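Undergrad: Input: one structure, supplied below.
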Amino acid sequence: MLRYFLKRLMFLIPVLLGVSVVIFSIVHLAPGDPAEVMLGPSATQEEITNLREQLGLTKPLYVQYGIFLTNALKGDLGRSIKSNAPVVDEIMERFPATLTLAVLGMIFAIAIGLPLGILAALKQNTWVDALCSFFALVGFSIPNFWVGLMLMLLLSIYIPILPSSGFDSWKNFIMPTIVLGIQTMAVIARMTRSSMLEVIRQDYVRTARAKGISDRLVLTRHILGNVLIPVVTIAGIYFGHQLGGVVITETIFSIPGLGRLIVDAIRAQDYPVVQGGVLFFALCVGIVNLLVDLLYAVLDPRIKAQYRAAK
Amino acid sequence: MNGPLLEVADLNVIYKTYEGTVAAVNGVEFSLEAGRTLGLVGESGAGKTTTALSIMGLVPSPPGIITSGSVNFAGKNLLSLSEKEMKKIRGNHISMIFQDPMTSLNPVVTVGVQISEALVAHQNLSEAEAEKKAMEMLEKVQIPGQRYREYPHEFSGGMRQRVVIAMALACNPGLIIADEPTTALDVTIQAQVLELMRSLKEEFSTAMIMITHDLGVVGEVCDHVAVMYAGRIVETGSLEQIFGNARHPYTLGLFRCIPDIEEETSKIRPIEGLMPDPLDLPSGCPFHPRCPQCMDLCRTVVPGVLDDGGHRVMCHLYGKGGAVHG
């Protein structure tokens, strides 16, 4: 199992290399010149040329990439053009807020989506099912920035019980958590419902019922154990999706997280921060996928057996 | 014990589907003494499994509805029991072995837990005691007890079916319903599993309903036989009565379908036609469209049952006491 884990960890290397090439190319092929932006409209051509020289922007692209990669491997993602602080420090300063938000969003999505899906399946073709499915459809269909604005309007302005921005108390997290998690919640609810309906019809559930054990035990031991496998897959994929959603959520609620950092950096053409931030996001998504794969092994002994065989 | 262990009378089950109402079981009647084995024989769709599920109280509802009848087990009408009371019977006094061992075990639960959970539910055993008993049950079906913690995918098909048998026998039930327990297995494994079932049945003196479409299996393990066609029992009797003196044209047809190694294969005569559409059963005797001895009467009137010393036949050929051989 440990060897399998390490092997999977190795797979992250080509993924990150690929991401680094793509992000480096996009940032450097994009129009606009960081030196011009930094110095403002009043700068002379000489000043701009000097700064370009200083930043290493005059070297060929592949040399620049080589320098970027070597430094990145040493844990150095360069310095922010805007603040002159190391990019790694900037990321680490902003990351806790983003991670908290992403995890809270996931917890919200699972805590609401899973019971909703189970309830809908147990009450299949009743009004309860219809209501749950409608709720899930709405949750999936409305764009989350709109949800954010509407929640803000409702809970910060009409009934002012929650702060609309900032990052100092737990109250600040409520609305962003809902905004970030609502789509994942809807997807988990729908996935749980369909997975439940499939599992309920399986022979082994009938076998379990034929043993005369309690309905509760049939649900928790025999049905849910099997329902969770596809739900975990979807939740893992959507966790990555949520990290993307963080950009919007953090912007709406003025939360100083990684998403905001990158958005601001793009506006300021602060390319080292953009590169470093995106690379860091890719690393996070890779790690989450790895964790999901390991979670499979916990949930499904057949997969665990494959892992053992694959070492 | 006085009277039969199980007595099913006038059982009627329908399934309400979008296409219409399926009459799955129509007035089924049979009884079974403690410790005996009844073979329930018929083609796919004859209503064998629905009959079994009705006894277990597990007819899927919706769409299934038991419209009338009674299932008396050890003096209680199971159809009038609440779900809670039924749970105490299921797995404890009556248990069921399902057809496909590949799908009837939960892939993510160890076989040990799947055996012991019935013991915990019914016999007030602690987890540890149940585990010990479950290991004993595994040994009984010739699987080493230390494989308790393994998952179904680590067992072969025949072994899985033995696990299912251990599960069914765990609480030492009075009745086991085995729904085609060997159909999904290889022929060599079939024989082993049948032999195992027979010896355990003796050891635990359990009554059994063996659902099968294989008359060979019936001949090996059953004391009584009931032949089902289109939701009805068309002929029933002791093994000797049915195998020695089958009367219903359908039963005779089934016997003619068995290949004989001493005769040429061209002599197998399958029954012409197909099972009737259960949405639209024929009038009169349900077998009449396929019956080689069909008479005018058969097309309009449902035959009554002629009882000849426990050998019961539902056919107009014998309806007026005449014993014409088919």
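Undergrad: Could you list, in sequence order, all residues of the range B:186-199 that are surrounded by fewer than 22 Cβ atoms within 10 Å (Cβ to Cβ) and either of a type outside the set (Asp, Glu) or outside any helix (DSSP H, G or I) (or both)?
TA: Scanning the range B:186-199 gives B:Asp186, B:Val187, B:Thr188, B:Ile189, B:Gln190, B:Ala191, B:Gln192, B:Leu194, B:Leu196, B:Arg198, B:Ser199.
Undergrad: So which residues in the range A:80-123 are part of a loop (DSSP other than H, G, I, E, B) and among the small types (Gly, Ala, Ser), if there are any at all?
TA: Correct list: A:Ser80, A:Ser83, A:Ala85.
Undergrad: Let me ask something additional. When you check A:Ala120 against the structure, is it in contact (Cβ under 8 Å) with a residue 24 or more places away in the chain and touching an Asp or Glu at 6+ places or on another chain (Cβ under 7 Å), yes or no?
TA: In short, yes.
Undergrad: Being away from chain A (no Cβ under 14 Å) and farther than 22 Å from B:Glu29 by Cβ is true for just one of B:Asp186, B:Asp223. Which residue is that?
TA: Just one listed residue meets the conditions, B:Asp186.
Undergrad: Please identify the pairs in which a residue from the range A:142-170 that is free of Cβ contacts under 8 Å to residues at least 24 places away in the same chain and more than 16 Å from A:Leu180 (Cα to Cα) has its Cβ atom under 7 Å from the Cβ atom of a residue that is of a type in the set (S, T, N, Q) and part of a loop (DSSP other than H, G, I, E, B), counting only partners at least 6 apart or on another chain.
TA: Close Cβ pairs (under 7 Å, with a partner that is of a type in the set (S, T, N, Q) and part of a loop (DSSP other than H, G, I, E, B)) amount to A:Ser156/A:Ser164.
Undergrad: Of B:Pro282, B:Pro292, B:Pro276, which residue is in contact with a Gly (Cβ under 9 Å, 6 or more places away or on another chain) and not in a strand (DSSP E or B)?
TA: B:Pro292
Undergrad: Quick one: in the range A:171-184, which of the residues that are touching a residue at least 60 places away in the same chain (Cβ under 8 Å) and not aliphatic (A, V, I, L, M) is farthest from the other protein chains (Cβ to nearest Cβ)?
TA: A:Asn172
Undergrad: Only one of these conditions is not met by A:Gln306: (1) within 14 Å of chain B (Cβ to nearest Cβ); (2) among the polar types (S, T, N, Q); (3) crowded, with 20+ Cβ neighbours inside 10 Å. Which number is it?
TA: Of everything listed in (1) within 14 Å of chain B (Cβ to nearest Cβ); (2) among the polar types (S, T, N, Q); (3) crowded, with 20+ Cβ neighbours inside 10 Å, A:Gln306 misses just condition (3).
Undergrad: Please state which one of B:Asn106, B:Asn92, B:Asn72 is polar (S, T, N, Q), modelled with pLDDT of 90 or more and either on the phi > 0 side of the Ramachandran plot or outside any loop (DSSP other than H, G, I, E, B) (or both).
TA: B:Asn72
Undergrad: A follow-up question, please. Just the residues that are of a type outside the set (Ser, Thr, Tyr) and more than 7 Å from chain A (Cβ to nearest Cβ), please, taken from the range B:104-117.
TA: B:Val111, B:Gly112, B:Val113, B:Gln114, B:Ile115, listed by residue number.
Undergrad: Are any residues in the range B:34-72 more than 26 Å from B:Glu195 (Cβ to Cβ), of a type outside the set (Gly, Ala, Ser) and within 14 Å of chain A (Cβ to nearest Cβ), and if so, which ones?
TA: Answer for the range B:34-72, where residues must be more than 26 Å from B:Glu195 (Cβ to Cβ), of a type outside the set (Gly, Ala, Ser) and within 14 Å of chain A (Cβ to nearest Cβ): B:Thr50, B:Leu53, B:Leu58, B:Val59, B:Pro60, B:Pro62, B:Pro63.
Undergrad: Only one residue in B:Ala121, B:Ala130 is within 26 Å of the chain's Cα centre (by Cα) and small (Gly, Ala, Ser), so which one is that?
TA: Just one listed residue meets the conditions, B:Ala121.
Undergrad: Another question about this same structure. Can you spot a residue in the range A:64-71 that is in contact (Cβ under 8 Å) with a residue 40 or more places away in the chain and aliphatic (A, V, I, L, M)?
TA: Within the range A:64-71, one or more residues are in contact (Cβ under 8 Å) with a residue 40 or more places away in the chain and aliphatic (A, V, I, L, M).
Undergrad: Just one of B:Ala134, B:Ala121, B:Ala128 is of a type outside the set (Asp, Glu) and within 7 Å of another protein chain (Cβ to nearest Cβ); which is it?
TA: B:Ala121
Undergrad: Could you grab me the full set of residues in the range B:80-98 that are more than 8 Å from chain A (Cβ to nearest Cβ) and touching a residue at least 40 places away in the same chain (Cβ under 8 Å)?
TA: B:His93, B:Ile94, B:Ile97 - these are the residues of the range B:80-98 that are more than 8 Å from chain A (Cβ to nearest Cβ) and touching a residue at least 40 places away in the same chain (Cβ under 8 Å).
Undergrad: Return yes or no: is A:Ser214 closer than 29 Å to A:Ala297 by Cα and over 25 Å from the mean Cα position of the chain (by Cα)?
TA: Spelling it out, A:Ser214 is indeed closer than 29 Å to A:Ala297 by Cα and over 25 Å from the mean Cα position of the chain (by Cα).
Undergrad: Okay, next question. Since B:Pro101 meets every condition but one in (1) modelled with pLDDT under 90; (2) in contact with a Gly (Cβ under 9 Å, 6 or more places away or on another chain); (3) away from chain A (no Cβ under 14 Å), which condition does it not meet?
TA: The one condition B:Pro101 does not meet is (3).
Undergrad: Any residue at all in the range B:42-50 that is over 17 Å from B:Met96 (Cα atoms) and surrounded by 20 or more Cβ atoms within 10 Å (Cβ to Cβ)?
TA: Yes, the range B:42-50 contains at least one residue that is over 17 Å from B:Met96 (Cα atoms) and surrounded by 20 or more Cβ atoms within 10 Å (Cβ to Cβ).
Undergrad: Ok, one more. Name the residues in the range A:48-74 that are of a type outside the set (D, E, K, R), at pLDDT 85 or above and assigned to a loop (DSSP other than H, G, I, E, B), would you?
TA: A:Pro60
Undergrad: Could you tell me whether the range A:113-123 includes any residue that is surrounded by fewer than 16 Cβ atoms within 10 Å (Cβ to Cβ) and within 29 Å of A:Leu228 (Cβ to Cβ)?
TA: yes
Undergrad: Wholly within the range A:185-278, which helices (runs of 4 or more DSSP H) include no fewer than the required count, namely at least 1 residues that are within 14 Å of another protein chain (Cβ to nearest Cβ), under 30 Å from B:Ile94 (Cβ atoms) and not hydroxyl-bearing (Ser, Thr, Tyr)?
TA: A:203-210, A:225-252
The values are calculated or read from the model by the stated rules, or taken from the named source; none is laboratory data. Everything numeric here is computed off the predicted structure, so don't read it as measured data. Because the Cβ atoms are built from the backbone with ideal geometry, glycine has one as well, and the counts that use them run over all protein chains shown.
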